[in-house]
Amino acid sequence: MTELENRLERFETLTAECELIAKLATDSTKREFYLKLGDQYRQLAVDMRQVIATKAAA
């Protein structure tokens, strides 16, 4: 697995962890925080997939 694929996997794992924490959070402020953080990690994963696809096409 390449370094880029490792980063992609890490971003996907962090996204899932944030979503789980948000589901379990009883405090609405924390829930909102982890939902937003998960969205940011999800976007990083999307961006990383694009980088990997671009690199593979080159």
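Once you put a point 7 Å from the Cα of R10 and another 7 Å from the Cα of K30, both along the Cβ direction, what distance in nm separates them?
2.5 nm
Within straight cross-link reach of K36, meaning Cα distance under 12 Å, which aspartates and glutamates are found once same-chain residues fewer than 8 apart are removed?
Qualifying aspartates and glutamates at Cα under 12 Å: E19.
Which aspartates and glutamates, if any, have their Cα less than 19 Å from the Cα of K23, not counting same-chain residues under 8 positions apart?
K23 reaches E12, E32, D39.
About the Cα centre of the chain, how large is the charge dipole given +1 on each Lys and Arg Cβ and -1 on each Asp and Glu Cβ? Please answer in debye to the nearest 20.
80 debye
What does the convex hull of the Cα atoms of the chain come to per residue, in Å³, rounded to a whole number?
Taking only Cα atoms, the chain has a hull volume of 51 Å³ per residue.
Just so you know, all these numbers are worked out from the coordinates, no wet-lab data involved. Note that this is a predicted model, so its numbers are computed, not measured. With ideal geometry, Cβ positions are generated from the backbone for all residues, glycine too; neighbour counts draw on all protein chains shown.
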